[in-house]
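Chemist: Quick one: this structure, given as structure tokens, is what I'll be asking you about.
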Amino acid sequence: MVLSKIASESDVFVHSTFASRYVRTSFPRFKMAENSIPKEAAYQIINDELMLDGNPRLNLASFVTTWMEPECDKLMMASINKNYVDMDEYPVTTELQNRCVNIIAHLFNAPLGESESAVGVGTVGSSEAIMLAGLAFKRKWQNKRRAEGKPTDNPNIVTGANVQVCWEKFARYFEVELKEVKLREGYYVMDPEKAVEMVDENTICVAAILGSTLNGEFEDVKRLNDLLVEKNKETGWDTPIHVDAASGGFIAPFLYPELEWDFRLPLVKSINVSGHKYGLVYAGIGWVIWRNKEDLPEELIFHINYLGADQPTFTLNFSKGSSQVIAQYYQLIRLGFEGYRNVMENCRENMIVLKEGLEKTARFNIVSKDEGVPLVAFSLRDNHRHDEFEISDLLRRFGWIVPAYTMPPDAQHVTVLRVVIRGRTFSRTFGGAPSE
């Protein structure tokens, strides 16, 4: 006789996930449910909801890497349970971070001796890196002012109005006045002459952008440095420069090696770069590099020993995963200089193809530059019938995410669309004329 039993409603092993009670009832959105559910049901519920997100590969708005090689994915998953801050427990991970710092410092022409280690740290992105660099500038300025018997209650930073919002966050969170050089139509980056005019004795640094978010353009850091050297001589000040190379730091060394924007310029004291942009790593990694030890005040570095050996730390957060650091090291050794150069050249070539295609339509004005981050920023020549926001909305209906936005003051009347070219976003595989 065959024995059988009536399956209960809770018997998850005999029900399809889509037929189970877990997908037939609503879950509370903002409170924890009373009962547990099977892992298969939890996975399916979340996976289905995430399908409503945009496709990262069709996201032309973002500068952030959306694809890495499977071998790197494996390394990241293998290290996902390692806490980056536990240096004594994971000394090899710490060593890999130090190697990344030194590789990037040499890439940025830091003036290091033969056996001298670079000064820098990995962060969760350029926002944290900028916060750390800004704190270092503020503390150095305060120390100098106190030594001179002068007040320290009114620090400021000079930037262009095109800076990313993280600079505004730094200014507001750490009580630093942000003095912005206004833009104008046709000139969408900081004017070095106007920036230096705004510098005063309370300026802790001038921030230059290597790769504007708005149109990808590199600001003229060399011109800024030369003007600031002269002003420092005239005034007796020693106002330094920070370069926000979040987007351009992994582009300029490979595409424009003769361009002077980095530590080759004497007033550049720190540089940040996003590993998760053109450093070709998934979101969650940035770097800040200082010119030398004197540019990072020792009192900002904390020393802890409750995780094992003495560990210096200078970050805004504490615990975080190790995966992105390991992924950055993978890319640096996997690609090498040749590989990064090939990727960046391909991005630039694709950018030119797209730009020329838009120009051939005679419907758009190109507002981006050929030299800079590989992107195309463009506006409609005639927006009486349709505007840039309508085009952005129509593209989104087909899955493509192309942002439309207005420029900052004093060019806020200009609206642009922007397509960012990343390594796995575009190809020309099926382009060109049909074969005969």
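Chemist: Which of the residues that make up region 137-172 are closer than 24 Å to residue 183 by Cβ, polar (S, T, N, Q) and touching a Lys or Arg at 6+ places or on another chain (Cβ under 8 Å)?
Modeler: 156, 159
Chemist: In addition: Which residue pairs have Cβ atoms closer than 6 Å, lie 6 or more positions apart in sequence or on different chains, and pair a first residue in region 40-60 that is farther than 28 Å from residue 423 by Cα with a second residue that is of a type in the set (A, V, I, L, M, F, W, C) and exposed (fewer than 15 other Cβ atoms within 10 Å of the Cβ)?
Modeler: none
Chemist: So which of 221, 189, 199 ends up being in contact with an Asp or Glu (Cβ under 6 Å, 6 or more places away or on another chain) and more than 17 Å from residue 131 (Cβ to Cβ)?
Modeler: On the way: 221 fails: in contact with an Asp or Glu (Cβ under 6 Å, 6 or more places away or on another chain); 199 fails: in contact with an Asp or Glu (Cβ under 6 Å, 6 or more places away or on another chain).
Sole residue among the options that is in contact with an Asp or Glu (Cβ under 6 Å, 6 or more places away or on another chain) and more than 17 Å from residue 131 (Cβ to Cβ): 189.
Chemist: Which residues, counting only those in region 122-131, are in a helix (DSSP H, G or I) and touching a helix residue (DSSP H, G or I) at 6+ places or on another chain (Cβ under 8 Å)? Please lay out each step first, then the result.
Modeler: Of the residues in region 122-131, the ones in a helix (DSSP H, G or I) are 126-131.
Within region 122-131, 126, 127, 130, 131 meet the criteria.
Chemist: Within region 280-394, which strands (runs of 3 or more DSSP E) (wholly inside it) include 1 or more residues that are within 25 Å of residue 252 (Cβ to Cβ) and more than 18 Å from the chain's Cα centre (by Cα)?
Modeler: Details: elements: 286-290, 302-304, 311-313, 364-366, 375-380.
Once the strands (runs of 3 or more DSSP E) in region 280-394 are filtered for at least 1 residues that are within 25 Å of residue 252 (Cβ to Cβ) and more than 18 Å from the chain's Cα centre (by Cα), what remains is 364-366, 375-380.
Chemist: Only one of 132, 178, 224, 183 is open to solvent by 10 Å² or more (accessible area, probe 1.4 Å) and either in contact with a Ser or Thr (Cβ under 7 Å, 6 or more places away or on another chain) or of a type in the set (A, V, I, L, M) (or both); which?
Modeler: Just a single option satisfies the conditions, and that option is 178.
Chemist: Restricting attention to helices (runs of 4 or more DSSP H) lying wholly within region 12-121, give those where 3 or more residues are farther than 30 Å from residue 391 by Cβ and open to solvent by less than 30 Å² (accessible area, probe 1.4 Å). Before the answer, list the steps.
Modeler: Working: elements: 39-50, 70-78, 91-107.
By residue number, 91-107.
Chemist: Looking at the structure I just gave you, is residue 260 touching a residue at least 60 places away in the same chain (Cβ under 8 Å) and closer than 29 Å to residue 275 by Cβ?
Modeler: Numbers: touching a residue at least 60 places away in the same chain (Cβ under 8 Å): no; closer than 29 Å to residue 275 by Cβ: yes.
So residue 260 fails the test.
Chemist: May I pose another question? Give me the pairs: first residue in region 138-149 and more than 16 Å from residue 242 (Cβ to Cβ), second residue in a helix (DSSP H, G or I), beta-carbon distance under 9 Å, and six or more apart or on different chains, which are they?
Modeler: Close Cβ pairs (under 9 Å, with a partner that is in a helix (DSSP H, G or I)) amount to 143/299.
Chemist: Something else about it: Just to be sure I understand, how many residues within region 344-393 are of a type in the set (A, V, I, L, M), in contact (Cβ under 8 Å) with a residue 40 or more places away in the chain and open to solvent by 40 Å² or more (accessible area, probe 1.4 Å)? Steps first, please.
Modeler: So in region 344-393, the residues of a type in the set (A, V, I, L, M) come out as 344, 351-354, 358, 362, 366-367, 373, 375-377, 380, 391.
Of the ones still in play, those that are also in contact (Cβ under 8 Å) with a residue 40 or more places away in the chain are 344, 351, 353-354, 367, 373, 375-377.
With the extra rule that they be open to solvent by 40 Å² or more (accessible area, probe 1.4 Å), the set shrinks to 353-354.
Matching residues across region 344-393 total 2.
Chemist: All but one of (1) over 20 Å from residue 406 (Cβ atoms); (2) in contact (Cβ under 8 Å) with a residue 40 or more places away in the chain; (3) crowded, with 23+ Cβ neighbours inside 10 Å; (4) touching a Leu at 6+ places or on another chain (Cβ under 7 Å) hold for residue 216, so report the exception by its number.
Modeler: With (1) over 20 Å from residue 406 (Cβ atoms); (2) in contact (Cβ under 8 Å) with a residue 40 or more places away in the chain; (3) crowded, with 23+ Cβ neighbours inside 10 Å; (4) touching a Leu at 6+ places or on another chain (Cβ under 7 Å) applied to residue 216, the lone miss is (1).
Chemist: If residue 138 meets every condition in (1) surrounded by 20 or more Cβ atoms within 10 Å (Cβ to Cβ); (2) touching a His at 6+ places or on another chain (Cβ under 9 Å) apart from one, which number is that one?
Modeler: Just one mismatch for residue 138, condition (2).
Chemist: Please verify whether residue 232 is open to solvent by less than 10 Å² (accessible area, probe 1.4 Å) and farther than 24 Å from residue 367 by Cβ, treating the condition exactly as stated. Lay out the reasoning, then the answer.
Modeler: Values: open to solvent by less than 10 Å² (accessible area, probe 1.4 Å): no; farther than 24 Å from residue 367 by Cβ: yes.
The answer is no for residue 232.
The values are calculated or read from the model by the stated rules, or taken from the named source; none is laboratory data. A quick note: this is a predicted structure, and the numbers were derived from the prediction, not measured. Cβ sites come from the backbone with ideal geometry, for glycine too, and all protein chains shown count toward neighbours. Quick note on the areas: whole protein, heavy atoms, side chains included, nothing else; ligands and nucleic acids left out. Shrake-Rupley method; radii C 1.70, N 1.55, O 1.52, S 1.80 Å.
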